[in-house]
Amino acid sequence: MSAPDTVNAAAWRLHQHGYVVVPKLAGDKRPALASWKDYQRTHPTDEQMHIWFDQAQPDGLCIITGAISGNLEMLELEGRAVTDGTLQQFEQAIKDAGLGECFGRICAGLAENSPSGGIHWLYRVEGTPVLGNTK
């Protein structure tokens, strides 16, 4: 399967499972849509998905997090946090708090390397709203 076919298949699979996905800008990590923030409130139609992923065949996709994607939240460690030892400190703090098994489940779910060499962990939150961007 070529990269566009893989992106296309992943985009449709995520869309069918209730996630909001939009095409990625070529050579960048940002969405290719000027008005992508509209999709924080509304799901793209199948017709929009067809234009974005079947016809245009982008080299990547962006997942819109928050309530629109079933309370999907992302935790990110920047690349410098991975290389400066923060990741190891973070993992140890999680284990010390007795949350190692929970964190293991998150890592086994959806974790990806970020363009900066960091890590994105994606998970769904239940019982409380997703708060949005925080540091």
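The lysines within cross-link reach of K37, meaning a Cα-to-Cα straight distance under 27 Å and a gap of 8 or more places when in the same chain, are K24, K29, K135.
Between A67, A32, A93, the Gaussian network model of the chain with springs among Cα atoms under 10 angstrom shows the greatest mean-square fluctuation at A93. Using a Förster distance of 22 angstrom, determine the FRET efficiency expected from the C-beta separation of K29 and A97, and round it to 0.05. Between K29 and A97 the formula returns 0.10. Accessible surface calculations at 1.4 Å, restricted to protein heavy atoms, place the range 15-135 at 65 Å² per residue. FRET efficiency for the A67 to E47 pair, using the beta carbon distance and R₀ = 25 Å, is estimated at 0.60. Dividing the summed -39500 (n - 2.57) terms of all DSSP H runs of n ≥ 4 by the residue count of the chain sets its mean residue ellipticity at 222 nm at -9000 deg cm²/dmol. Only protein atoms count toward the accessible area here, which uses a 1.4 Å probe; on the chain, the carbon and sulfur part of that area reaches 52 percent. What the Cβ-Cβ distance of T128 and D54 gives, at R0 = 25 Å and to the nearest 0.05, is a FRET efficiency of 0.10.
Using all pairs of distinct alpha-carbon atoms, the Kirkwood hydrodynamic radius of the chain works out to 16.2 angstrom.
The values are calculated or read from the model by the stated rules, or taken from the named source; none is laboratory data. If you're wondering where the values come from, they're calculated on a predicted model, not measured in any experiment. A quick note on method: Cβ atoms are made from the backbone with ideal geometry, for glycine too, and the neighbour counts reach across all protein chains shown. Surface accessibility is based on the protein's heavy atoms, side chains included, excluding ligands, DNA and RNA. Shrake-Rupley method; radii C 1.70, N 1.55, O 1.52, S 1.80 Å.
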